[in-house]
1. So the check is Cβ under 7 Å with 6+ separation or different chains; which pairs have a first residue in segment 100-129 that's free of Cβ contacts under 8 Å to residues at least 12 places away in the same chain and a second one that's part of a loop (DSSP other than H, G, I, E, B) and loosely packed, with under 13 Cβ neighbours inside 10 Å?
2. Looking at segment 113-122, is at least one residue at pLDDT 90 or above and surrounded by fewer than 17 Cβ atoms within 10 Å (Cβ to Cβ)?
3. Could you please find all residues in segment 71-87 being surrounded by 11 or more Cβ atoms within 10 Å (Cβ to Cβ) and either over 30 Å from residue 118 (Cβ atoms) or in contact with a Cys (Cβ under 6 Å, 6 or more places away or on another chain) (or both)?
4. Condition first: within 28 Å of the chain's Cα centre (by Cα) and assigned to a helix (DSSP H, G or I). Can you find one or more residues in segment 2-19 that meet it?
5. Given the structure, is residue 27 modelled with pLDDT under 90 and closer than 16 Å to residue 128 by Cβ?
6. May I ask you to list pairs of residues, at least six apart or on different chains, whose Cβ atoms are under 8 Å apart, with the first in segment 69-91 being free of Cβ contacts under 8 Å to residues at least 12 places away in the same chain and among the hydroxyl-bearing types (Ser, Thr, Tyr) and the second being surrounded by 10 or more Cβ atoms within 10 Å (Cβ to Cβ) and in a loop (DSSP other than H, G, I, E, B)?
7. Does segment 98-108 include one or more residues that are of a type outside the set (Asp, Glu), more than 25 Å from residue 67 (Cβ to Cβ) and at pLDDT 90 or above?
8. Residue pairs, Cβ under 6 Å, 6 or more apart or interchain, first in segment 33-56 and more than 21 Å from residue 83 (Cβ to Cβ), second surrounded by 13 or more Cβ atoms within 10 Å (Cβ to Cβ) and of a type in the set (A, V, I, L, M, F, W, C). List them.
Amino acid sequence: MNRRQAERGVTLVELAITLGVLVLLASLVTLGVKPYYAYRDGRAAGEALRTVKAAMQLYLADNPSAQVSSLTPALLAPYLPGGNMPTLPSVNGTTPTIRVTSFPPVAILNGNPYDPSPSTTDGLWDAGP
């Protein structure tokens, strides 16, 4: 065996190519997971809004003369699990609120209704009709 074969190892170029491929694969996985997180957050928001909608229905059944426009989170608290208004997932660092003065309740982000999904009945960021 000659000396050249005995000292053979990984070259810097081979190492750089391997690291480049690993970084590329990691970025592809990261990009592939982002839509899942958006879907998960949308489903969680839809569930929270459906919970508030059910609390609104229960309150209005117990108080038939009450108007939806007069509802507040404090009035709905006894009808909500744990007695607290659910929180919605944050969007770009801002947490939307839930407007309870309209039926069905809607997510409000920066003063405007928020539903990034194309449908109002898909359960993502909405409570449905």
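The values are calculated or read from the model by the stated rules, or taken from the named source; none is laboratory data. Quantities reported herein were computed from a predicted structural model and do not represent experimental measurements. Note that we place each Cβ from the backbone using ideal geometry, even for glycine, and neighbour counts take in every protein chain shown.
1. Note: pairs meeting the criteria are 121/129.
2. Scanning segment 113-122 turns up at least one residue that is at pLDDT 90 or above and surrounded by fewer than 17 Cβ atoms within 10 Å (Cβ to Cβ).
3. Once the filter is applied, which keeps residues that are surrounded by 11 or more Cβ atoms within 10 Å (Cβ to Cβ) and either over 30 Å from residue 118 (Cβ atoms) or in contact with a Cys (Cβ under 6 Å, 6 or more places away or on another chain) (or both), segment 71-87 yields 75, 77, 78, 79.
4. No, there is no match, as no residue in segment 2-19 is within 28 Å of the chain's Cα centre (by Cα) and assigned to a helix (DSSP H, G or I).
5. It is false that residue 27 is modelled with pLDDT under 90 and closer than 16 Å to residue 128 by Cβ.
6. Filtered contacts from segment 69-91: 90/96.
7. For segment 98-108, residues of a type outside the set (Asp, Glu), more than 25 Å from residue 67 (Cβ to Cβ) and at pLDDT 90 or above: absent.
8. Final answer for the pair search is 42/124; 42/125; 46/124.
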